[in-house]
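Single-structure report; data block below.
The values are calculated or read from the model by the stated rules, or taken from the named source; none is laboratory data. Worth saying up front: this structure is predicted, and the values here are computed from it rather than measured. Note that we place each Cβ from the backbone using ideal geometry, even for glycine, and neighbour counts take in every protein chain shown. The accessibility values were calculated without ligands, DNA or RNA, using every heavy atom of the protein model including side chains. Shrake-Rupley method; radii C 1.70, N 1.55, O 1.52, S 1.80 Å.
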Amino acid sequence: MNKDVIIALDFPTKDETLAFLDRFQGRKPFVKIGMELFYAEGPAIIREIKARGHKIFLDLKLHDIPNTVKRAMSVLSHLDVDMVNVHAAGASAMMKGALEGLTRADGTRPLLIAVTQLTSTDAETLKNELLIDTPMEETVMRYAKNAADSGLDGVVCSPLEARKVKDACGEKFFTVTPGIRFADGDVGDQKRVMTPERAGQSGSDFIVVGRPITQAADPVAAYERCCKEFLGQ
């Protein structure tokens, strides 16, 4: 799968989501459906957006005991999404279970990636609240290596860590990076951020962009700016 910009469809209803996509007039951006929209509308919203021709990253960040995650992934495998994820903190047995459950009888499956650390988590939170004394970068690299060793296709990480993930796990190991903000934009609740242009130079295969596009006065223009800066198009 080629490098791309993924729009985070962080809307609470189907109507708002489809009205937003209608603004793209024939363009079919890669989109992310997260917990808010999926919990509000269920699998039907996946099917409708997929029928419109969009690639979909289903971002539910599964994290539970291995058997539960395996069974949940078996259900999700039938939704025909292009990418799904788990939390790497669930450890190797869980990730291997997720991969097994996601793989269909014919051997096909969506891409499976693991969240390393949320981009809203900083070093202070890692140490003082999660009680992880290992530095952020070292923690992310360990989680990424665990994911690679478990057979996953890539990780969600900060764009600040994408290049080192590639160095540790190989160029074919996907890096999906949220925490993207325009140079002249508001960082909001993100702690570890980067511009689209810098992310494109730093090892990111996919950037996930929400509010800078969805809350822009002209979302299509904001998306095109993202593509131009990230992909050089």
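Would you confirm, using the coordinates I've provided, whether GLY154 is closer than 27 Å to GLY53 by Cβ and open to solvent by less than 30 Å² (accessible area, probe 1.4 Å)? Quick ask: steps written out before the conclusion?
Details: closer than 27 Å to GLY53 by Cβ: yes; open to solvent by less than 30 Å² (accessible area, probe 1.4 Å): yes.
So GLY154 fits the description; yes.
Please go through segment 102-127 and pick out each residue that is open to solvent by 30 Å² or more (accessible area, probe 1.4 Å) and part of a loop (DSSP other than H, G, I, E, B).
Across segment 102-127, the qualifying residues are THR103, ARG104, ALA105, ASP106, GLY107, THR108, ARG109, LEU118, SER120, ASP122.
For segment 208-233, enumerate the residues that are closer than 15 Å to GLU16 by Cα and within 17 Å of the chain's Cα centre (by Cα). Walk me through how you get there before you give the answer.
At the first step, the residues of segment 208-233 found to be closer than 15 Å to GLU16 by Cα are 210-211, 213-216, 219.
Across segment 208-233, the qualifying residues are GLY210, ARG211, ILE213, THR214.
Has segment 164-182 got at least one residue that is in contact with a strand residue (DSSP E or B) (Cβ under 6 Å, 6 or more places away or on another chain), open to solvent by 20 Å² or more (accessible area, probe 1.4 Å) and either of a type in the set (D, E, K, R) or closer than 20 Å to PHE30 by Cα (or both)?
Yes, some residue in segment 164-182 is in contact with a strand residue (DSSP E or B) (Cβ under 6 Å, 6 or more places away or on another chain), open to solvent by 20 Å² or more (accessible area, probe 1.4 Å) and either of a type in the set (D, E, K, R) or closer than 20 Å to PHE30 by Cα (or both).
Among the residues of segment 128-151, how many are open to solvent by 30 Å² or more (accessible area, probe 1.4 Å) and farther than 17 Å from LEU112 by Cα? Full working, then the answer.
The first filter runs over segment 128-151 and keeps only residues open to solvent by 30 Å² or more (accessible area, probe 1.4 Å), leaving 128-135, 137-138, 142-143, 145-146, 148-149, 151.
From the residues that got through so far, the ones that are farther than 17 Å from LEU112 by Cα too are 128-135, 137-138, 142.
Residues that pass the stated criteria total 11.
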